[in-house]
1. Filter region B:312-326 for residues that are out of contact with any strand residue (DSSP E or B) (no Cβ under 6 Å at 6 or more places or on another chain) and either within 22 Å of residue A:87 (Cα to Cα) or more than 7 Å from chain A (Cβ to nearest Cβ) (or both) and give the result.
2. Among the residues of region A:263-273, are any within 13 Å of chain B (Cβ to nearest Cβ) and in contact with a strand residue (DSSP E or B) (Cβ under 9 Å, 6 or more places away or on another chain)?
3. If residue B:380 satisfies every condition in (1) more than 26 Å from residue A:120 (Cβ to Cβ); (2) surrounded by fewer than 20 Cβ atoms within 10 Å (Cβ to Cβ); (3) in contact with a helix residue (DSSP H, G or I) (Cβ under 9 Å, 6 or more places away or on another chain) but one, which is the exception?
4. From the list B:149, B:99, pick out the single residue that is in contact (Cβ under 8 Å) with a residue 40 or more places away in the chain, closer than 15 Å to residue B:34 by Cβ and in contact with a strand residue (DSSP E or B) (Cβ under 7 Å, 6 or more places away or on another chain).
5. For the condition assigned to a helix (DSSP H, G or I) and at pLDDT 90 or above, what is the one hit in A:311, A:397?
6. Look at region A:298-311 and say how many of its residues are within 12 Å of residue A:222 (Cα to Cα) and in contact with a strand residue (DSSP E or B) (Cβ under 8 Å, 6 or more places away or on another chain).
7. Within region B:111-123, can one find any residue that is in contact (Cβ under 8 Å) with a residue 40 or more places away in the chain and in a helix (DSSP H, G or I)?
8. Picking from A:173, A:158, which residue would you name as being surrounded by fewer than 20 Cβ atoms within 10 Å (Cβ to Cβ), within 16 Å of the chain's Cα centre (by Cα) and on the phi < 0 side of the Ramachandran plot?
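The values are calculated or read from the model by the stated rules, or taken from the named source; none is laboratory data. Only a predicted model underlies this, so the values are computations on that prediction, with no experimental measurement involved. No Cβ is skipped: glycine too gets one built from the backbone with ideal geometry, and neighbour counts run over all protein chains shown.
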């Protein structure tokens, strides 16, 4: 079931306040760099974290807190401008202090506060600035400040990313909201993806966790800008219960559909705002032996620099699609394989059909949202992964000297 | 044992002749596009082929011939300008015809001829031009024509790649020679790596195969330009026995060292000539749990666009090295990890040492050959992988419209 999203963000669901303030972590006048998301009462909480083994301090601390609280949280405190990653014991202390100060000011326990950071790696977190700035973040909290929070978590994202959706559960209107930041960071020079989601449904933490993992698998985990995986990635979801609706097995599918819609809009926003991106590319793999193989093949194609540069250049180079699928280490039968760019099939059952190439080239030039499809000829499973093209601008952004 | 290479190529070992001629596959006046390497008598042969499952017709045919001949070959015929990949049954027939015609003209059996192609994918091989041109390739054969053959296998490689080494085996002088082409192809727009090696030692095919695999593992399989793996990659080795020396277990280590030296020189030439490359980067991973994990971590770092762009931009961004190692899915202990750029250690035992960053930046700017080292803190195994930087020129080359 596809759910349409609505305008809104993390404060669209009832029971949440947010703020975004500047505390001097980023350079430059008036830059927002501290975001606070607070629930009026302890909210059920779920989170997924980066699989990178060089886990940043805030990831370690948020994991600990989620475990200690048994899946409940009152607030999420996020800074941009410094990732607090590869910072040793000092970094862990800073992340813990950030949570403890927030807890003290909100009147809750430290383990009820989750922490996230994004920005330059290997630099000590300016914890004193955050501590001095926290009271202003508390003072600015409002149920209309979701947009300010969405701006405060940005690094060099070209635009803020917010989304919301509505559904009816148990006869009551329920809202889901979210904000995210993506991969467009000159300062940090590392693609960190952060997303924060809220709902005013009530849900036990295990059910919330299941819903979050289900939605993330086909959205945030199905996008790739450059195949990198940050030390700081996380997606967090808080459920306030303020709608009066309690999530049960009956409403679960509708809730997951709405949550997935919000996650998809945020995830595609991250790809659209990818470093140097000019095109959003949906890579669909069909005819795979298993769904996992379909996803792996789609990721290999989506991360192929030759595929990404070809689409950037408007070249209907189906050979690169087939070659990328061939090296994905999944079941693949060249004699039964096919490849299409948009609706134009350029390779079918192992044979080229280049007569459609001029049309495919026109399609690539005319559209900002591109669909490519590769059939592996090995089964009936499929999957879609989203990516962006690779431009000279990506290289320029990432090669600029870190000041 | 490191062996120094000498000037020379595939005709440096006795018993081989080569030629490079133009038969009109590539556009443009006087372009060499057909290379022939012929042994005076049947030579022991070994080969390794691409692991891509979309295997090109010449790969399929060469595999068949090597099996049918029991590991012997009289000649290798190679064309550039057309990969004969994704070309269906017609492509297989063309590759077989190319071998059969060469065999007829040389007076040997078709299965004694190996075939290779490089160039644009999904386009029918102009087999008539090759057949018409073959007599001129035979007529041009000479034991001083290795350089012409090395030029004829190029696509947009910026320079030809040849190497040779000498050793003494069983009291007799033995030579090893080789030529390779790499990844700098606008026309094919797919990075095909081809390498052809010769020796005048005599060796049974199984021993030759073992020596080739051993040398390839630490040379051609330890380089990466963009993580792509072509439909046409192959490395072939012929042993003529014309030196009168027969390879035994006693000489095997010295032979492998010399073969590895030739392969390394050719492999590093491919990286130096990588599309848009301005720097050769040696990525060494130490402290790994196993050699396989060391190699995988080194490949993940070497293929990281963030690492490659940072080095291109002269940015001593050790955080990207650590983050890439962290996502390589190998044993990794952040608290015991370290990272160095050249001789400057910028991260040690989980703590930043940015005081060396200015020196590291100067090192990156001053050198065309860069060494980076990441210690995983998980064991004592190590491996080195070579790559090049990622420049805006790479994007320009690969985004240009295929005419």
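1. Residues of region B:312-326 that are out of contact with any strand residue (DSSP E or B) (no Cβ under 6 Å at 6 or more places or on another chain), as a first pass: B:312-315, B:317, B:319-320, B:323-324, B:326.
Of everything in region B:312-326, those that are out of contact with any strand residue (DSSP E or B) (no Cβ under 6 Å at 6 or more places or on another chain) and either within 22 Å of residue A:87 (Cα to Cα) or more than 7 Å from chain A (Cβ to nearest Cβ) (or both) turn out to be B:315, B:317, B:319, B:320, B:323, B:324, B:326.
2. Let us first name the residues in region A:263-273 that are within 13 Å of chain B (Cβ to nearest Cβ), namely none.
The answer is no, given that none of the residues of region A:263-273 is within 13 Å of chain B (Cβ to nearest Cβ) and in contact with a strand residue (DSSP E or B) (Cβ under 9 Å, 6 or more places away or on another chain).
3. So the condition that residue B:380 fails would be (3).
4. Values: B:99 fails: in contact (Cβ under 8 Å) with a residue 40 or more places away in the chain.
Testing whether each residue is in contact (Cβ under 8 Å) with a residue 40 or more places away in the chain, closer than 15 Å to residue B:34 by Cβ and in contact with a strand residue (DSSP E or B) (Cβ under 7 Å, 6 or more places away or on another chain) leaves just B:149.
5. On the way: A:397 fails: at pLDDT 90 or above.
After applying the criteria, what remains is A:311.
6. Residues in region A:298-311 being within 12 Å of residue A:222 (Cα to Cα) and in contact with a strand residue (DSSP E or B) (Cβ under 8 Å, 6 or more places away or on another chain): 4 in total.
7. Step one: list which residues in region B:111-123 are in contact (Cβ under 8 Å) with a residue 40 or more places away in the chain, which gives B:111-121, B:123.
Then drop every residue that is not in a helix (DSSP H, G or I), which leaves B:111-112.
Yes: one or more hits.
8. On the way: A:173 fails: within 16 Å of the chain's Cα centre (by Cα).
Going through A:173, A:158 in turn, the sole match is A:158.
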